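The values are calculated or read from the model by the stated rules, or taken from the named source; none is laboratory data. Not measured: the values here are computed from a predicted model. Note that we place each Cβ from the backbone using ideal geometry, even for glycine, and neighbour counts take in every protein chain shown. Only protein heavy atoms, including side chains, enter the accessible area calculation; ligands, DNA and RNA are left aside. Shrake-Rupley method; radii C 1.70, N 1.55, O 1.52, S 1.80 Å.
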Amino acid sequence: MNLKIYLSLLAIFACFGKLVAQSNFSSELPLIYINTNGQVIQDEPKIIANMGIIWNDDGQQNKTGGEFNHFNGKIGIEIRGSSSQMFPKKSYGFELRDENGEGMDFPLLDLPEEEDWILYAPYSDKTLIRNVLTFTLAGQLDEYAPRCRFVELFLNNKYEGVYVLMEKIKRDKNRVDIAKLKPDDLAGEDLTGGYIIKIDKTTGSGGSGWHSDFPNKMSTYTYYQYEYPAYDEIHDVQANYIKKYVHDFEEAVYYQEYDPETGYQQYININSFIDYMIINEIAKNVDGYRLSTFLYKDKDGKLNAGPVWDFNLGYGNADYYNGWETFGLQVYANLGSDSWQNPFWWGMLLGDRYFTKALRCRWNDLHEDLLSTNRIIEVADSLVTLLEKPIERNFQRWPILGQYVWPNYYVGQDYLADISWMKNWIIERMRSLHLTLPGDCDSDPMVPLEFAVSTFPNPFTSKFTVQIASDKNLNVRFELFTINGKKVVDHFKSIEPGLNTIEMNTEGLAKGVYIYRLFKADVEIEVGKIVKM
């Protein structure tokens, strides 16, 4: 036989073997089959399809070709996501339908019953676990976080790999548990809730909303979108109410009204904002705060941050805006000229000693137990163990290990390398975060603020940047030393009341580790290390 023909046949048989393996197997994960009956799934509108689920909840293996013993019915399905739509492995949003085509509730995989669900497709996240890891951690805290289950998906009888069945964020007694706002709730207590708004790109659902009156960095203005009630359902009176409520909160922060009784705290549930920040900072989520951010408000209640959402680019999985670095607070990230900047109020909240004290106390408690480094690594390991066999099938279907997929910073040659890198990143991140989160749990926030460093420097190239909050005019001094104590930079600056951003030119310094010191008059305020890359 001709060698070329022989090699071609060998390749065909090898591919055939993979296809057989992917269509005939047993799995610990539920198996979801979707049949579009020849239709193409679009961004919108939803098309009608059939969905069947094989799942033995008694611990038995789920076998391909078995009976749809958990669910067998119709769904409306569409592609979801924004930048992720460019990937060949698509994420989907779907709604369960009854025989009449109406939405119906069902407890998929023993999650609380609902009709709206998401099939998230981990692709650029080659560990496959970043979102599930985060939701698992956040779900231990007081606020709601979307529940999820790993599954394996077949689309029109073709194996599509590991997916995550997730709860869609929406108003529901088992999800965002706020009051149902009726069209005629236009006055008094009825008007005050419930609302869900989001900060996000305008692709996908939503799109209608309003711009903040207060600037962020780069003279951008946060755009708030109506999520619930939807933009085409919310009454003008209701839209104006939630817009003014958010405006009043922003105004109080912008003008540094920090009094707990009359300032910004009358508008927000500070604990929810702290938990939201901690989860986003653990992951150093490059899209945190500025995208995929939800806020909600119940009747006669305050504004809450959350639920958390979209962490596939967290934990070092981004090669832009220093997303791969383990140090620095993402709330202060340098986002360049990006039109999507962090809302100004996150940084200014850290100028309030009440907020930073509560932040540090909460962090200390969580870091001892629920969000300890060991606990996070244990959760990650348990998810990897659950995916042991499905991982092989997923990367047979999507052979991207060892290849750059936007926006990977690290590209491991195999799955073990990717997961090991992420775990090491988490260990270093938790060390850094424990050192750099602002606040003093033992301090008295009633003591007038004179001088507070509200952020810490990232590794720098030619500039050392720090933000300082003060309630009076002060002279401050920066000194920078090499690791062996040689002073290399001496910088003086006069600051005014408010939040000050100060840059110190360090161009020309050699690579290495440096020690910085900050002084007010001759009193040393802060000491820390920075690395010049």
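Observations, loosely collected:
- In the stretch 376-401, the residues that are in contact (Cβ under 8 Å) with a residue 60 or more places away in the chain, open to solvent by 40 Å² or more (accessible area, probe 1.4 Å) and not hydrophobic (A, V, I, L, M, F, W, C): K389, Q396, R397
- Exactly one residue out of N312, N334, N342, N317 is part of a loop (DSSP other than H, G, I, E, B), surrounded by fewer than 20 Cβ atoms within 10 Å (Cβ to Cβ) and not β-branched (V, I, T): that is N334.
- Any hit, the stretch 378-395, residues being outside any helix (DSSP H, G or I), at pLDDT 95 or above and within 23 Å of S23 (Cα to Cα): yes
- A single entry from Y404, Y354 fulfils the requirement of being modelled with pLDDT of 95 or more, among the hydroxyl-bearing types (S, T, Y) and either open to solvent by 10 Å² or more (accessible area, probe 1.4 Å) or part of a loop (DSSP other than H, G, I, E, B) (or both): Y404.
- When the residues of the stretch 85-128 are filtered to those that are among the hydrophobic types (A, V, I, L, M, F, W, C) and more than 30 Å from I377 (Cβ to Cβ), the one that is most open to solvent (accessible area, probe 1.4 Å) is M86.
Rundown of residues vs (1) of a type in the set (F, W, Y); (2) open to solvent by 10 Å² or more (accessible area, probe 1.4 Å); (3) within 17 Å of D310 (Cα to Cα), yes/no style:
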{"position": "Y144", "(1), (2), (3)": "yes, yes, yes"}
{"position": "R149", "(1), (2), (3)": "no, yes, yes"}
{"position": "E152", "(1), (2), (3)": "no, no, no"}
{"position": "V176", "(1), (2), (3)": "no, no, yes"}
{"position": "L181", "(1), (2), (3)": "no, yes, no"}
{"position": "D184", "(1), (2), (3)": "no, yes, no"}
{"position": "E189", "(1), (2), (3)": "no, yes, no"}
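- Residue check, P445 under 23 Å from T356 (Cα atoms), open to solvent by 60 Å² or more (accessible area, probe 1.4 Å) and at pLDDT 70 or above: no
- Filtered by the rule that a residue be under 36 Å from the mean Cα position of the chain (by Cα) and polar (S, T, N, Q), the stretch 483-503 gives N500, T501.
- Those strands (runs of 3 or more DSSP E) lying entirely in the stretch 483-533 with at least 2 residues modelled with pLDDT under 75 and among the acidic types (D, E): 523-532
- Qualifying residue in the stretch 189-210 (condition: assigned to a loop (DSSP other than H, G, I, E, B), of a type in the set (D, E) and under 21 Å from the mean Cα position of the chain (by Cα)): yes
- Test for P407: is it closer than 19 Å to Y163 by Cα and touching a residue at least 40 places away in the same chain (Cβ under 8 Å): no
- Any chance A358 is farther than 25 Å from W324 by Cα and of a type in the set (A, V, I, L, M, F, W, C): yes
- Restricting the stretch 68-84 to residues that are among the small types (G, A, S) and buried (at least 16 other Cβ atoms within 10 Å of the Cβ), the residue that is nearest to Q396 (Cα to Cα): S84
- Looking across the stretch 211-235, the residues that are under 29 Å from D43 (Cβ atoms) and either among the acidic types (D, E) or not in a loop (DSSP other than H, G, I, E, B) (or both) come down to H211, Y223, Y224, Q225, Y226, E227, Y228, D232, E233.
- Matching residues, the stretch 301-329, being in contact with an Asp or Glu (Cβ under 7 Å, 6 or more places away or on another chain) and modelled with pLDDT under 95: T326, L329
- Failed criterion for D365 (all others in (1) open to solvent by 30 Å² or more (accessible area, probe 1.4 Å); (2) outside any helix (DSSP H, G or I) hold): (2)
- Candidates in the stretch 137-160 are the residues that are of a type outside the set (S, T, Y) and more than 23 Å from the chain's Cα centre (by Cα); of these, the one that is farthest from S292 (Cα to Cα) is N157.
- Residue satisfying all of: in the stretch 489-504; open to solvent by 50 Å² or more (accessible area, probe 1.4 Å) and hydrophobic (A, V, I, L, M, F, W, C); farthest from G351 (Cα to Cα) among these: F492
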